[in-house]
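Enquirer: Okay, handing you the structure first.
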Amino acid sequence: MKPQDTLPFFKDGQYIGWSGFTGVGYPKMIPVALADHVEKHNLQGQMKFNLFVGASSGADTENRWAGLDMIDRRYPHQVGKNIQKGINQGRIRFADKHLSLFPQDLVYGFYTKDKPDNDLLDIVIVEATAITEDGWFVPGASVGATPELLQMADKIMIEVNTAIPSFEGLHDIVNCSLPPHRKPYMIMNVEDRIGQVAIPFDTDKVVAVVESDRPDCTGPNSPEDATSQAIAGHLIEFLEHEVKHGRLPENLLPLQSGIGNIANAVIGGLSQSRFKDVSVSQQVSNSPEVIRRLGCIAMNTPVEFDIYGHANSTMIAGSRMLNGLGGSGDFLRNAKLSIMHTPSTRPSKRDPHGISCVVPMASHVDQTEHDLDVIVTEQGLADLRGLCPRDRAQHIIDRCVHPHYRPLLQDYLDVATRICIKRGAGHEPHMLDKVFKMHTHLLEHGSMKIHACKDPVAYAMAYITLTPLALLVFYASVAVSRRELISLIMLLGQLTNELVNAVLKEHFQIKRPYGHLGTGYGMPSSHAQFVWYFTTFGSIYLLRHIQLTNPGWKKAVVGAMVAMSSLVSWSRIYLGYHTPGQVAAGSVVGIGYGVLWYVAMEVVRARGGIAWCLDTRMARSLLLRDMRDISNVSEWEYQHWLAARTKTKTKKASLT
Ligand SMILES: CC(=O)SCCNC(=O)CCNC(=O)[C@H](O)C(C)(C)COP(=O)(O)OP(=O)(O)OC[C@H]1O[C@@H](n2cnc3c(N)ncnc32)[C@H](O)[C@@H]1OP(=O)(O)O
């Protein structure tokens, strides 16, 4: 039969099945003849089909059908610009399904349950490379869901491809029996054979046999580039580490690698590694049970993943469908090592690094935090095994995020952690009002680069927490401008106070609250200890030894110092550097040390230590002085200035 002779069998709204899996083993003559027919007679949109294929299909058929508006519904996977356009424009009803589930769901009748006449596919078109003498069907380079499609067919059309050699003997085909009669796949190694080399089918259903001379159509792989080489490099290093520690055998375990340019380039990189006799798994091992038992190593590319390890494989900005899930879920959910690799950024129209592939929250989730073990970008590899969500987030930010986005994501994590811990919801901290800001910024401004998460209180606190630095500047300027010994004594107390803090921290060795904020131990808080020493010593000295014309000012200054110290202490808790207990301890030690230092200085003074110090040659050359015995320093200085001024005036007057 010629392909054109099959046209009368086709009617709008039919349920059609094709053999094949990706760009191999799919029928090429009949679908193309039908597309030519639709195009020639301007039947676009008037002949639409429900199309079922084991995975994606060749671009010359599926994508062409989509371009001619010939697809109403598509299951369970697809690849191609036209079909994606149709789906995203709402013309094609597509739904994603794990590839391992599709054949069985087809046989369960899930896809044909609403069909009015029967629960069979109206026409199944398959490509054979041979028909055995027993009348069995030998597929080409893929089996896909062909056995189940043939089983569910009302009518069968066969394209015998004479341009491709017979694949008889290469396949291992197991028919899908239904529960409770389903048997396990007794596969222990990738080389094991448990099924048939061909597929039995009902020859009475065959309505057409057509000769095909068209080769399979698979696109070229993208060449490796610096990014994919870096990703492959991190992966190889990680796998070598696993082998060294005995968690993987020398030739690894069966590898699965997903679709896409990055996946292809990474496999290219692995092929040049020192691993030998590596096996790569195919169709039947999409079975979750087999994947788990063989301990596969699965590697796939996501659109994006989030800081907690959830991945989006399919949907840009949560709504624009790319290719669909394929078998990535089957593998990543069940593999011994579930790995996702992606460049850390992708270009947007406006910015070569406009898209970060690491985001606060994935805008759609295909693989969850419970599945993924390892995440790799060209920046580095994050081994997430055994880590809790907050540790995972820090690890991912440190290892995988592009430097352009690291401060942004770190800021998000810090602020979210602080806010969520405070309200007792800090297991996987998120700020729902900010979580998709990077995505919305990309949609609105063409880049995910936004300014930090702007918590106004946190910003204010970040400045307040710098107060000790300001106080050091204050010490320096008072010491230089006033030359008062007391300012040096107070500064010496401040420095020894810091020393006490370092000794206490080392002694207690108590960690900071969230591990990642601030360096070193957290008990007691050095900021709190610093400011409360300053306030205590300063207040005692002010109240006891400084005279002001209006004594009310003293109370105001003491009040301001107490307020400043309280704010700094609070900032340490708010910003997440310390627990309230660590800050309370720092405050108590600072107050205690302030009192102690004051008392010690009084004892030294009483024993003549201060007077002795002021009489040294160095003190004299530095013009050091002790103004404590002068009752009101400002008043005293003013009177001296006034006297000097009057003297100068008198001198000038006598000269004229
Ligand atoms: C045995 C089995 O069955 S294994 C099956 C494995 N299947 C899967 O893993 C399915 C999901 N994965 C995939 O489809 C692919 O790996 C992809 C699409 C995620 C990545 O593939 P790649 O070849 O690296 O992607 P590619 O560079 O072609 O990008 C595809 C498009 O997505 C866009 N894109 C990718 N990531 C993002 C992102 N984070 N944000 C916005 N857009 C993005 C790209 O800009 C590009 O857009 P364009 O088509 O307008 O130019």
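Every number here is computed from the coordinates shown, using simple stated rules; none is lab data. For clarity, every value in this text was computed on a predicted model and none was experimentally measured. When we count neighbours, we look across all protein chains shown, and the Cβ atoms used for this are built from the backbone with ideal geometry, even at glycine.
Enquirer: Hey, what does the equivalent ellipsoid look like for the stretch 368-434, semi-axes from the Cα gyration tensor as sqrt of 5 times each eigenvalue, largest first, whole Å?
Expert: The equivalent ellipsoid of the stretch 368-434 has semi-axes of 21, 16, 8 Å.
Enquirer: Report the dimensions of the stretch 3-212 along its three principal axes from the alpha-carbon atoms, largest first, rounded to Å.
Expert: That gives 51, 35, 33 Å along the principal axes, largest extent first.
Enquirer: Can you give the FRET efficiency to the nearest 0.05 for Val588 and Thr650, using r as the Cβ-Cβ distance and R₀ = 45 Å?
Expert: FRET efficiency, Val588 to Thr650: 0.20.
Enquirer: Additional query: For the stretch 294-416, compute Rg over Rh where Rg is the Cα radius of gyration and Rh is the Kirkwood radius from the inverse mean 1/r over Cα pairs.
Expert: 0.95
Enquirer: Counting other C-beta atoms within 10 Å, which of Ile540, Ile339 has the fewest, and how do the rest follow?
Expert: Final ranking by Cβ density, sparse to dense: Ile540, Ile339.
Enquirer: Turning to a different aspect of this structure: For the stretch 226-445, build the convex hull from the C-alpha positions and give me its volume per residue in Å³.
Expert: Considering the Cα atoms of the stretch 226-445, their hull volume per residue is 121 Å³.
Enquirer: I've got another one for you. Each residue of the stretch 528-541 in turn: what ³J(HN,Hα) in whole Hz from Karplus with 6.51, -1.76, 1.60 and θ = phi - 60°, glycine and Pro shown as x?
Expert: 4, 4, 4, 6, 6, 4, 4, 5, 5, 4, x, 5, 4, 5
Enquirer: If you don't mind, another one. At 0.36 nm per residue, minus the direct Cα-Cα distance, what do Met431 and His507 gain on full extension? Give it in nm, one decimal, please.
Expert: This chain segment gains 23.7 nm when fully extended.
Enquirer: Also, I was wondering about something else. What nm value, rounded to one decimal, do you get for the distance between Glu289 and Ser222 when each label is placed 7 Å out toward the C-beta?
Expert: 3.8
Enquirer: Provide the gained length on full extension for the span His404 to Leu492, in nm with one decimal, where the gain is 0.36 nm per separating residue minus the Cα-Cα distance.
Expert: Going from the current span to full extension adds 27.4 nm.
Enquirer: Now a separate question. For His402, His640, what's the fewest-to-most ordering of other Cβ within 10 Å of each Cβ?
Expert: His640, His402
Enquirer: Sort the following peptides by mean Cβ neighbour count (other Cβ atoms within 10 Å, averaged over residues), highest first: 27-37, 387-397, 643-653.
Expert: Put in order of decreasing packing, that is 27-37, 387-397, 643-653.
Enquirer: Could you please rank Tyr533, Tyr412, Tyr574, placing first whichever residue has the fewest other Cβ atoms within 10 Å of its Cβ?
Expert: The order, fewest Cβ neighbours first, is Tyr574, Tyr412, Tyr533.
Enquirer: Could you tell me which trypsin sites (Lys or Arg not before Pro) in the stretch 66-162 are loop residues by DSSP with no more than 11 other beta carbons within 10 angstrom of their beta carbon?
Expert: In loop regions of the stretch 66-162 (DSSP not H, G, I, E or B), the sparsely surrounded trypsin sites (Lys or Arg not before Pro) are Lys113.
Enquirer: Here is a follow-up. Applying the Karplus parametrisation 6.51 cos²θ - 1.76 cosθ + 1.60 with θ = phi - 60° to the phi angles of the stretch 606-621, what ³J(HN,Hα) value in whole Hz is obtained for each residue in order, glycine and proline being reported as x?
Expert: Karplus-based 3J(HN,Hα) across the stretch 606-621 equals 4, 8, x, x, 5, 4, 4, 4, 5, 8, 5, 4, 4, 4, 5, 5 Hz.
Enquirer: Once the Cα gyration tensor of the stretch 350-506 is found, what semi-axes does its equivalent ellipsoid get, as square roots of 5 times the eigenvalues, in whole Å, sorted largest first?
Expert: So the equivalent ellipsoid measures 42, 20, 15 Å along its semi-axes.
Enquirer: What is the extension gain from Asn118 to Arg385, computed as 0.36 nm multiplied by their sequence separation minus the C-alpha to C-alpha distance, in nm to one decimal?
Expert: 91.2 nm
Enquirer: Whole angstrom only: what separates the Cα centroid of the stretch 588-656 from the Cα centroid of the stretch 74-127?
Expert: If we compute the Cα centre of each part, the gap is 92 Å.
Enquirer: Can you compute the helix-only [θ] at 222 nm over the chain? Use -39500 (n - 2.57) per DSSP H run of at least 4 residues, normalise by all residues, nearest 500 deg cm²/dmol.
Expert: Computed ellipticity for the chain at 222 nm equals -13000 deg cm²/dmol.
Enquirer: Compute the convex hull volume of the Cα atoms of the stretch 434-548, divide it by the residue count, and report the result per residue in Å³ as a whole number.
Expert: Each residue corresponds to 170 Å³ of Cα convex hull volume.
Enquirer: Based only on Cα atoms, what Rg/Rh ratio does the stretch 456-622 have, Rh being taken as Kirkwood's radius?
Expert: 1.01
Enquirer: Please list, ordered by chain and number, the residues whose modelled amide H lies under 5 Å from the amide H of Phe167; skip anything fewer than 5 residues away on the same chain.
Expert: Thr129, Ala130
Enquirer: Moving on to the next point. Using label points projected 7 Å from each Cα along Cα→Cβ, tell me how many nm separate Ser566 and Ser481, to one decimal.
Expert: Using points 7 Å along Cα→Cβ, the separation is 2.8 nm.
Enquirer: In nanometres, what is the gap between the two model label sites at Glu211 and Lys555, each 7 Å from Cα along Cα-to-Cβ?
Expert: 11.1
Enquirer: Please report, to two decimal places, log10 I(q)/I(0) for the chain at q = 0.06, 0.10, 0.12 Å⁻¹ as given by the Debye formula with identical point scatterers on the Cα atoms and no solvent.
Expert: One equal scatterer on each Cα of the chain leads to -0.53, -0.97, -1.23.
Enquirer: Which FRET efficiency value, to the nearest 0.05, is calculated for Asn632 and Asp411 with the Förster distance at 56 angstrom and r the Cβ-Cβ distance?
Expert: 0.65
Enquirer: Please identify the trypsin sites (Lys or Arg not before Pro) of the stretch 321-354 that satisfy two criteria: DSSP loop assignment and at most 11 other Cβ atoms within 10 Å. Which are they?
Expert: Passing both the DSSP loop test and the Cβ count: Lys349, Arg350.
Enquirer: Additional query: Given the pairs Lys115/Lys183; Lys2/Lys85; Lys244/Lys505; Lys11/Lys113; Lys48/Lys81, which span a C-alpha to C-alpha distance of over 28 angstrom in this model?
Expert: Lys115/Lys183; Lys2/Lys85; Lys244/Lys505
Enquirer: Only sites in a loop by DSSP and with at most 10 other Cβ atoms within 10 Å count here; which trypsin sites (Lys or Arg not before Pro) in the stretch 444-501 make the cut?
Expert: Passing sites in the stretch 444-501 do not exist.
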